[in-house]
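For reference, the structure discussed in these notes is given below.
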Amino acid sequence: MAEELFRLGLHDLHVSLGGKMVPFAGYEMPVQYPAGVMKEHLHTRSAAGLFDVSHMGQVILRPRGSYEALALAFETLMPVDVLGVAEGRQRYGLFTNETGGILDDLMFANRGDHIFVVVNAACKSADLAHMQAHLSDDAEVIAVTDRGLLALQGPLAEAALARLIPGVAAMRFMDVAILPWQGVDLWISRSGYTGEDGYEISVPDARLRGFAEALLDQPEVMPIGLGARDSLRLEAGLCLYGHDIDTTTSPVEAGLTWAIQKARRAGGARAGGFPGAARILQELADGPDRKRVGLRPEGRAPMREHTDLFSPDGTPVGEVTSGGFGPSVGGPIAIGYVARAFATPDAGLEGEVRGKRLPVTVADMPFHPTTYKR
Amino acid sequence: MKYTKDHEWLRVEGDVVVVGITEHAATALGDVVFIELPEVETVVAEGDEVCVIESVKAASDILAPLDGEITEINTKLVDNPSLVNEDPTGAAWFFKIRIDDMSVLDALMDEDEYNDLIG
């Protein structure tokens, strides 16, 4: 039985730009345009790339009582300091489950009188249900279904976007702002999923095409598909939910301890009190049994997801969770989980590709330096 | 030039057949980043996986179009896989294969038939 796919609001624009549409997370999405993944990737690193990420879930949490009560309620779902996020600032978060695994990763922002959340497309209905089940006493959980989401990423993103909306130039990495464009409010954050400086912009559906076309009219901007979005985030060492993190991986194993602020750790002001706290706090104290690491295959052969990894003496030590070719790196790169003893830079391992064990080295991430405007 | 349903082209060159992939296949694969070639003197049967070709997003195989023996491989592809996107039917040949009976080529598609297939 054929699965019914949702169409993006910009579907016709993608098709007219020559986008090759493929099913992804229940949507028909452009995987690439005629330029191809390699050129789209390199263009984003050198100029500015426009991504349609309208498949992602946008949610507003509007407090029924105080903002503080909502922030504290939100903290019961994540090992993250929500209360400490200042107005106008955004933070990375993750919903954990009772066994310390990850239900989804997300971005949330303090917008003064409410919290704005962006979640992954594949998880959005589950996330909404999860928030409704746990936050409804403290917040109205509102799915935003009348806005699209665009990302403009790359070193020239600021120049291109500031021509339309001058106010964005003053924003710093992880700032959020509501700024007007031709009479409508755009919800803007200075963040993204490529390792580059850039913005994510939530636009009312009725103006989405006009705004996207205004961006594409800028000389720096080229449309970028999901293929390059994946190679860009891989080079930046960023996790892809359902691959590098899932319900079995803890945030500590995933190397996301930077997302667990001091307030939520042992001895912190609001230590624990999130699902899976026992495992997560224990792993923070003792170290996890396995860790997410960067991997650099030595030859040219990419090591794709599920490539088994072995120590030099042939013992299985883990597997690749994302892997491919890094256009800016100029060679194959991968992310995977390995046993703790091997989770150190320069550790030599082997990955089994088509029956052959090929050398691969544990490497620092990101593979390509990030250029966030802090 | 003859064509297979697996989007390979075959060109007779003396007593061997030169094999590559069509422009249609190269475009569908996207930017090629890795190629693994068979060893010279390998004896192959039709349908054997003889080459690996990986683009930025995915890996695929090239199958031996006929029974025969690999006589030469294009090692330039190993160092410069993007040649497949630049010149798929020329410089980016993959291997040469010696076959016993050239008449088996008659069963393959000619250009018109191949264009109908991808049309």
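Of everything in region A:307-329, what is in contact with a Ser or Thr (Cβ under 8 Å, 6 or more places away or on another chain) and more than 15 Å from residue A:291 (Cα to Cα)? Give them in sequence order. Within region A:307-329, A:323, A:324, A:325, A:326, A:327 qualify.
Select from region A:269-299 the residues that are without any contact (Cβ under 8 Å) to a residue 24 or more places away in the chain and outside any helix (DSSP H, G or I) and write down the one among them that is farthest from the chain's Cα centre (by Cα). Here the answer is A:269.
What helices (runs of 4 or more DSSP H), lying completely within region B:57-119, carry at least 2 residues that are loosely packed, with under 13 Cβ neighbours inside 10 Å? Give the steps one after another, and end with the answer.
On the way: elements: B:76-79, B:83-86, B:111-118.
In region B:57-119, the matching helices (runs of 4 or more DSSP H) lie at B:111-118.
Quick one: in region B:9-56, which of the residues that are in contact with a Ser or Thr (Cβ under 7 Å, 6 or more places away or on another chain) and not in a loop (DSSP other than H, G, I, E, B) is farthest from the other protein chains (Cβ to nearest Cβ)? In this case the residue turns out to be B:16.
This table checks each residue for (1) under 15 Å from residue A:109 (Cα atoms); (2) under 16 Å from the mean Cα position of the chain (by Cα).
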{"position": "A:144", "(1), (2)": "yes, no"}
{"position": "A:156", "(1), (2)": "no, no"}
{"position": "A:163", "(1), (2)": "no, no"}
{"position": "A:177", "(1), (2)": "yes, no"}
{"position": "A:182", "(1), (2)": "no, no"}
{"position": "A:191", "(1), (2)": "yes, yes"}
{"position": "A:205", "(1), (2)": "no, no"}
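Suppose the filter is open to solvent by less than 30 Å² (accessible area, probe 1.4 Å), within 14 Å of another protein chain (Cβ to nearest Cβ) and touching a Leu at 6+ places or on another chain (Cβ under 9 Å); does residue A:234 pass it?
Values: open to solvent by less than 30 Å² (accessible area, probe 1.4 Å): yes; within 14 Å of another protein chain (Cβ to nearest Cβ): yes; touching a Leu at 6+ places or on another chain (Cβ under 9 Å): yes.
So residue A:234 fits the description; yes.
On inspection, residue A:332 does not qualify as more than 14 Å from chain B (Cβ to nearest Cβ), in contact with a strand residue (DSSP E or B) (Cβ under 8 Å, 6 or more places away or on another chain) and more than 15 Å from residue A:291 (Cβ to Cβ).
For region A:312-319, the criterion of being away from chain B (no Cβ under 14 Å) and of a type in the set (A, V, I, L, M, F, W, C) is satisfied by at least one residue.
Inside region A:4-18, can you point out the residues that are part of a loop (DSSP other than H, G, I, E, B) and farther than 21 Å from residue A:240 by Cβ? Residues satisfying the conditions are A:4, A:9, A:10, A:17, A:18. Under the condition of being within 11 Å of chain A (Cβ to nearest Cβ) and of a type outside the set (A, V, I, L, M, F, W, C), the residues counted in region B:69-89 number 5. Check whether at least one residue in region A:23-42 is farther than 17 Å from residue A:232 by Cβ, crowded, with 17+ Cβ neighbours inside 10 Å and free of Cβ contacts under 8 Å to residues at least 12 places away in the same chain, and report yes or no. The answer is no, given that none of the residues of region A:23-42 is farther than 17 Å from residue A:232 by Cβ, crowded, with 17+ Cβ neighbours inside 10 Å and free of Cβ contacts under 8 Å to residues at least 12 places away in the same chain.
Can you tell me how many residues within region A:127-160 are of a type in the set (S, T, N, Q), open to solvent by 10 Å² or more (accessible area, probe 1.4 Å) and not in a helix (DSSP H, G or I)? It would help to see each step written out before you state the result.
First pass over region A:127-160, keeping only residues of a type in the set (S, T, N, Q): A:132, A:136, A:145, A:153.
Checking which are open to solvent by 10 Å² or more (accessible area, probe 1.4 Å) leaves us with A:132, A:136, A:145.
Now restrict to residues that are not in a helix (DSSP H, G or I): A:136, A:145.
Result for region A:127-160: 2.
Going through region B:1-44 one residue at a time, which ones are among the small types (Gly, Ala, Ser) and touching a residue at least 60 places away in the same chain (Cβ under 8 Å)? Give the steps one after another, and end with the answer.
Quick first cut of region B:1-44, residues among the small types (Gly, Ala, Ser) only: B:14, B:20, B:25-26, B:28, B:30.
Within region B:1-44, B:20, B:25, B:26 qualify.
Answer with yes or no whether residue B:66 is touching a strand residue (DSSP E or B) at 6+ places or on another chain (Cβ under 8 Å) and either within 14 Å of chain A (Cβ to nearest Cβ) or of a type in the set (Asp, Glu) (or both). Considered against the rule, which asks whether it is touching a strand residue (DSSP E or B) at 6+ places or on another chain (Cβ under 8 Å) and either within 14 Å of chain A (Cβ to nearest Cβ) or of a type in the set (Asp, Glu) (or both), residue B:66 comes out as no. Residues that are aromatic (Phe, Trp, Tyr), within 23 Å of residue A:278 (Cα to Cα) and open to solvent by less than 10 Å² (accessible area, probe 1.4 Å) within region A:84-115 comprise just one, A:95.
Residues to consider are A:246, A:205, A:217; find the one that is open to solvent by 40 Å² or more (accessible area, probe 1.4 Å) and over 24 Å from residue A:90 (Cβ atoms).
Details: A:246 fails: over 24 Å from residue A:90 (Cβ atoms); A:205 fails: over 24 Å from residue A:90 (Cβ atoms).
None of the others qualify; the one that does is A:217.
Number of residues in region A:170-207 that are among the charged types (D, E, K, R), free of Cβ contacts under 8 Å to residues at least 40 places away in the same chain and more than 18 Å from residue A:50 (Cβ to Cβ) equals 1.
If the condition is being among the small types (Gly, Ala, Ser) and in contact with a helix residue (DSSP H, G or I) (Cβ under 6 Å, 6 or more places away or on another chain), then region A:140-181 contributes A:143, A:148, A:154, A:162, A:169. Being modelled with pLDDT of 95 or more, of a type in the set (Lys, Arg) and either surrounded by fewer than 20 Cβ atoms within 10 Å (Cβ to Cβ) or assigned to a helix (DSSP H, G or I) (or both), is that true of even one residue in region A:177-200? No; the residues of region A:177-200 include none that is modelled with pLDDT of 95 or more, of a type in the set (Lys, Arg) and either surrounded by fewer than 20 Cβ atoms within 10 Å (Cβ to Cβ) or assigned to a helix (DSSP H, G or I) (or both). Residue pairs whose Cβ atoms lie under 8 Å apart, sitting 6 or more positions apart in sequence or on different chains, and linking a residue in region A:352-374 that is closer than 19 Å to residue A:190 by Cβ to a partner that is outside any loop (DSSP other than H, G, I, E, B) and open to solvent by 60 Å² or more (accessible area, probe 1.4 Å), do not occur here.
Within region A:341-360, being touching an Asp or Glu at 6+ places or on another chain (Cβ under 7 Å) and exposed (fewer than 15 other Cβ atoms within 10 Å of the Cβ) holds for A:345, A:359.
The values are calculated or read from the model by the stated rules, or taken from the named source; none is laboratory data. Keep in mind the model is a prediction, meaning the values are calculated, not measured. Ideal geometry is used to build each Cβ from the backbone, glycine not excepted, and the neighbour counts take in all protein chains shown. All accessible areas refer to the heavy atoms of the entire protein, side chains included, with ligands and DNA or RNA removed. Shrake-Rupley method; radii C 1.70, N 1.55, O 1.52, S 1.80 Å.
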